[in-house]
Amino acid sequence: MFRLKRYYGSFGGVYIPELFIPILEELESAFIRAKRDSEFLKRYRKLLKEYAGRPTPLTYAPRLSKIIGAKIYLKREDLAHTGAHKINNTIGQALLAEYMGKRRIIAETGAGQHGVATATAAAHIGLECEIFMGSEDVKRQRLNVLRMELLGAKVVPVNKGSGTLKDAINEALREWAENVTTTYYLLGSVVGPHPYPAIVKFFQSVIGSETKKQIRKIEGRDPDYVIACVGGGSNAMGIFSAFIRNRNTRLIGVEAAGRGLDSLHSATLNLGTPGYLHGTRSLLLQDKNGQVKKVHSIAPGLDYPGVGPELAHLVYSGRVKASSATDTEVIEAVKVLAESEGIIPALESAHAVAYLLKHRGEFRQEDIVVVNISGRGDKDMETIMEALHEKQS
Amino acid sequence: MKNRVDEVFRRSGKIFIGYLTCGYPDDETTLEWADRVISAGFEILEIGLPFSDPVADGPVIELASQEALKRGMTPEKYLEIVSEIRKKHPDIPLITMSYYNPIARKGFKYIENLKKSGIDGIIIPDLPLIEGENFYRKINSLGIVTPMLIPPTIKGEYFKKLVKASSGFIYAVTRTGTTGARDEIPPEGIELFRRLKRETNKPVAAGFGISRPQQLTSIKNLVDGFIIGSALIKKLEEGEDIKNWLNWIKEGIKD
Ligand SMILES: Cc1ncc(COP(=O)(O)O)c(C=O)c1O
């Protein structure tokens with residue numbers, strides 16, 4: 001039976017076919033052992049440092065600070081190996097897979113960032129790797145498909161439903177069910193059945209613990225605001241985790257308002273209702289009949305109708321504030337960050353930057369604001385150029 | 001309270017359970033297919049309430065669910081169709097197969113409405129006993145049976161608990177993986193049926209991947225019934241004579 005708590009308030013659990021229950025128990029017990037195993041942790045930290053390039057810098061953003069009217073710091077996950085925070089989790093879980101004696105890993109991917117990071121960790125550690133990706137995303141993120149293939153992974157396009165992240169997870173779950181005893185499912189965010197939300201948060205919490213050390217060294221105190229974009233919630237939980245106990249730090253999760261909150265979006269924390277999808281009870285974008293709604297974001301990594309159960313709980317309990325930014329606001333944010341600081345953020349991360357722009361003037365000059373730049377924008381260049389072009393014409 | 005599912009399993013011989021997705025290919029045809037399946041000799045009818053993300057299902061049922069939703073299937077329409085089937089076939093046991101989200105969204109009142117429409121049993125593939133114990137008990141209190149899905153990966157104490165919580169019959173899953181026709185029943189499936197035989201006197205029905213009598217020879221003496229879904233839908237799509245087909249299967253497993 002499970003030994004860790006499965007719920008965050010009323011959210012979480014293992015709402016998944018029975019066949020997975022023993023596998024999830026086995027995963028939990030391996031996780032409990034690994035997390036206490038100093039050899040395992042040493043290996044994880046060594047890979048983060050020498051392979052993934054951690055710690056990532058905390059960069060002061062002087063020109064953006066002037067625009068916003070507060071002291072803005074950027075946590076530079078875009079500088080981690082493969083260009084996003086995803087690598088923290090994939091190295092951790094690939095090691096866990098090896099720890100459990102599994103030689104084959106599968107994963108879903110939306111933006112392709114988690115897929116690339118999984119393929120990378122698999123190549124480095126020497127595991128067989130297969131990635132499920134919605135056919136729509138395969139088109140939108142062509143470069144990442146090529147990267148995964150070059151890294152030796154097999155990419156399986158999922159031509160079902162809306163051809164995006166949700167459908168990729170469905171298919172990965174089916175494949176996992178098929179080969180459940182030999183295959184490790186490397187889930188990419190703090191979603192899914194217990195113990196995944198706990199595992200992914202554990203491996204992503206390195207973002208928060210580094211940030212805390214860095215900001216205390218520079219400013220001598222914790223920030224007033226920490227802002228992160230939210231798809232499933234892994235970069236947000238990662239950076240929030242170090243500050244949850246400090247009530248003076250405001251935590252803000254920015255979701256995709258897509259074409260508008262009254263149109264197609266994926267703002268689950270903002271507008272979702274409790275429901276059950278992909279193994280967890282959490283907030284969910286669904287219709288009155290309990291069918292999962294179609295969602296949209298210009299950022300493929302945020303294009304998901306669910307959200308992590310712990311984050312849902314933190315929003316319900318008032319500790320985290322949920323906000324959102326539209327596709328248009330996000331493109332503007334990409335431009336502003338590129339021109340003011342020389343950083344091209346991923347479209348996902350640009351949602352957090354867009355929050356700053358929407359609320360400029362509302363901060364005090366002396367406020368310390370940390371924004372998590374969860375990834376870099378190279379993968380999005382075609383989408384960004386298209387959007388800018390549309391705006392002009 | 002008498003339950004039609006319990007009644008059926010008192011009969012001798014193997015019990016055949018047919019699965020249809022409600023609203024596929026459309027509402028009318030669902031009713032027509034239900035008639036054909038029942039008159040062909042299937043002793044129990046399982047009717048799926050379609051869900052947008054059916055992760056326990058293979059391609060045939062997934063596609064059927066999507067198609068049904070596209071045509072506007074809703075939980076309310078489902079009740080209407082079930083009521084019609086019940087009116088025409090007062091004695092056939094009817095079982096609802098639904099993912100948890102649509103049911104949870106509608107609330108427990110919906111379960112009571114299922115009962116009123118003539119449903120005898122409910123199967124929720126993504127509500128494992130560990131999360132659903134109270135919910136299943138509440139369903140049972142209405143006189144509705146809840147067969148638990150038991151796949152080969154389940155062992156030990158939890159296996160015993162699932163057997164105990166099953167009512168009507170035990171839905172033994174022949175293999176890991178999703179629904180959809182396959183070839184052989186793998187060794188761990190056969191071993192599961194042996195374990196079930198040792199553990200309980202409750203009726204056991206085998207499901208997932210069943211399409212041909214040749215597959216069943218290795219387990220036929222260990223189980224009381226068979227559940228056929230994807231293969232049945234395929235046959236109906238192809239316009240085949242279901243009665244002939246079912247007889248071929250029944251003949252094929254006779255000693
Ligand atoms: C750069 C980047 N940021 C954020 C996300 C969203 O995921 P999460 O909310 O789990 O951090 C993704 C997902 O693909 C991503 O690639």
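Rule-based calculations on the coordinates, nothing more; no lab input. Small disclaimer: the values here were computed from a predicted structure and weren't measured. FYI the Cβ positions are ideal-geometry reconstructions off the backbone, even for glycines, and counts take in every protein chain you see.
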Footprinting exposure proxy for A:240, A:202 (fewest neighbouring C-beta atoms within 10 Å first): A:202, A:240
Cα-only Debye scattering, segment B:29-109: base-10 log of I(q)/I(0) at q = 0.10, 0.14 Å⁻¹: -0.25, -0.49
Chain A shape via C-alpha gyration tensor axes, a/c threshold 1.5: rounded
Rh (Kirkwood; distinct C-alpha pairs) - segment A:48-174, Å: 15.6 Å
Peptide A:163-169, shielding by other chains (average Cβ, 10 Å cutoff): 1
Peptide-level mean, for B:153-161, of C-beta atoms on other protein chains within 10 Å: 3
Fraction of alpha-carbon pairs over 20 Å apart in segment A:118-220 - percent: 51 percent
Relative exposure of B:235, A:379, judged by other C-beta atoms within 10 Å (fewest first): B:235, A:379
Restraint check, B:88/B:116; B:106/B:160; A:294/B:234; A:139/A:201, Cα-Cα greater than 26 Å: B:106/B:160; A:294/B:234; A:139/A:201
Distance between modelled label sites at residue A:104 and residue A:382, nm, 7 Å Cα→Cβ extension: 3.0 nm
Average beta-carbon neighbours from other chains, 10 Å sphere, peptide B:46-53: 5
Crossing angle, helix A:347-358 versus chain A [Cα axis fit, 0-90 degrees, rounded to tens]: 30 degrees
At 1.306 mPa s and 10 °C, Stokes diffusion of segment B:42-172 via Kirkwood alpha-carbon radius, µm² per second: 104 µm²/s
Ranked list, fewest to most other Cβ atoms within 10 Å of each Cβ, for A:189, B:12, A:263: B:12, A:263, A:189
Efficiency of FRET from Cβ geometry, residue A:2 and residue B:11, R₀ 45 Å, rounded to 0.05: 0.65
For segment A:41-98: span of alpha carbons on each principal axis (Å, largest first): 48, 16, 16
Per residue, the convex hull volume that the Cα atoms of chain B enclose (Å³): 114 Å³
Stokes-Einstein diffusion coefficient of segment A:194-316, Kirkwood radius over Cα pairs, 10 °C, 1.306 mPa s, in µm²/s: 105 µm²/s
Kirkwood Rh, angstrom, segment B:141-247 [1 / mean 1/r, Cα pairs]: 14.5 Å
Highest to lowest packing among A:72-85, A:89-102, B:241-254, scored as the average C-beta count within 10 Å: A:72-85, A:89-102, B:241-254
